[in-house]
Amino acid sequence: MDNCIFCKIANGEIPAATLYEDDDFRVILDLGPASKGHALILPKAHAANIYEISDEMAAKAMILAKKMATKMTDALKCDGFNIVQNNGEPAGQTVFHFHMHLIPRYKGDKVGITWEPGTLTDEVKKEILEKLKN
Ligand code: AMP
Ligand code: ZN
């Protein structure tokens, strides 16, 4: 992808604060961090989102997320950890190259990854189960 900033960062054409790199991924610090240590897992191969990424890369990304969460929690002494992955504008995606947010959480921080719980009605439950249950 010619004009994709995360392609350029992941492949080293644009410098970024790199925490980890291997043949498939680069992990960088987010420039607009939600908390101290907020990082992004970027695959080097372009995929816009979860729908486009290969099964192999999705699996590797999750394994790397686990490894980074463990390492970062140990190093930063954070009290919790969010792994966030946005797909599409309504879901908050602003850079259309698949990435996973690694967000260290600290007791009392004001990071907002929460929502107002709704109610699962019988009607909606039935509709969704009909559409999705295998
Ligand atoms: P999303 O909203 O899930 O697409 O996340 C995009 C993230 O990329 C945001 O948290 C931005 O702060 C971050 N970001 C955008 N451009 C850069 C950049 N050049 N270097 C590091 N992080 C960036
Ligand atoms: Zn890209």
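The values are calculated or read from the model by the stated rules, or taken from the named source; none is laboratory data. Everything numeric here is computed off the predicted structure, so don't read it as measured data. Every residue, glycine as well, gets a Cβ built from its backbone with ideal geometry; the counts of neighbours run over all protein chains shown. Surface accessibility is based on the protein's heavy atoms, side chains included, excluding ligands, DNA and RNA. Shrake-Rupley method; radii C 1.70, N 1.55, O 1.52, S 1.80 Å.
See the values below:
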| item | result |
| --- | --- |
| Exposure ranking of ARG105, ARG26 by accessible area [1.4 Å probe, largest first] | ARG105, ARG26 |
| Cut-off 10 Å between beta-carbons: net charge of the residues surrounding ASP24, Lys and Arg +1, Asp and Glu -1 | -1 |
| Members of LYS8/LYS110; LYS71/LYS110; LYS44/LYS71; LYS110/LYS133; LYS44/LYS77 lying beyond 26 Å, as alpha-carbon distances in this model show | LYS8/LYS110; LYS110/LYS133; LYS44/LYS77 |
| Fraction of accessible area attributable to carbon and sulfur, the range 50-90 (%, probe 1.4 Å) | 56 percent |
| Under 5 Å, built H, 5+ apart or other chain: amide partners of GLU52 | none |
| Zone of GLU52's modelled label, taken as backbone nitrogen in the range 1-45 under 12 Å from a point 7 Å along Cα→Cβ | 1-7, 45 |
| Computed label-point distance, nm, for sites GLU13 and LYS36 using a 7 Å Cα→Cβ extension | 3.6 nm |
| Amide H contacts under 5 Å for ARG26, placed H, 5+ residues apart | LEU42, LYS44 |
| Kirkwood hydrodynamic radius over Cα pairs of the chain, then Stokes diffusion coefficient at 4 °C and 1.567 mPa s, in µm²/s | 79 µm²/s |
| With Cα atoms, 0 to 90° folded angle of helix 55-76 axis to the chain main axis | 70 degrees |
| Accessible surface, the chain, averaged per residue in Å² (probe 1.4 Å) | 67 Å² |
| Charge dipole of the chain about the Cα centre (unit charges at C-beta), most positive-ward option of ASN3, PRO33, MET100 | PRO33 |
| Relative compactness, the range 21-99, computed as alpha-carbon Rg over 2.2 N^0.38 Å | 1.09 |
| Folded to 0 to 90 degrees: helix 122-132 orientation relative to the chain principal axis, Cα | 60 degrees |
| Calculated [θ] (222 nm, deg cm²/dmol) that DSSP helices of n ≥ 4 give over the chain, each run adding -39,500 (n - 2.57) | -9000 deg cm²/dmol |
| Within-14-Å neighbourhood charge of MET72 [Cβ basis; K, R +1; D, E -1] | +3 |
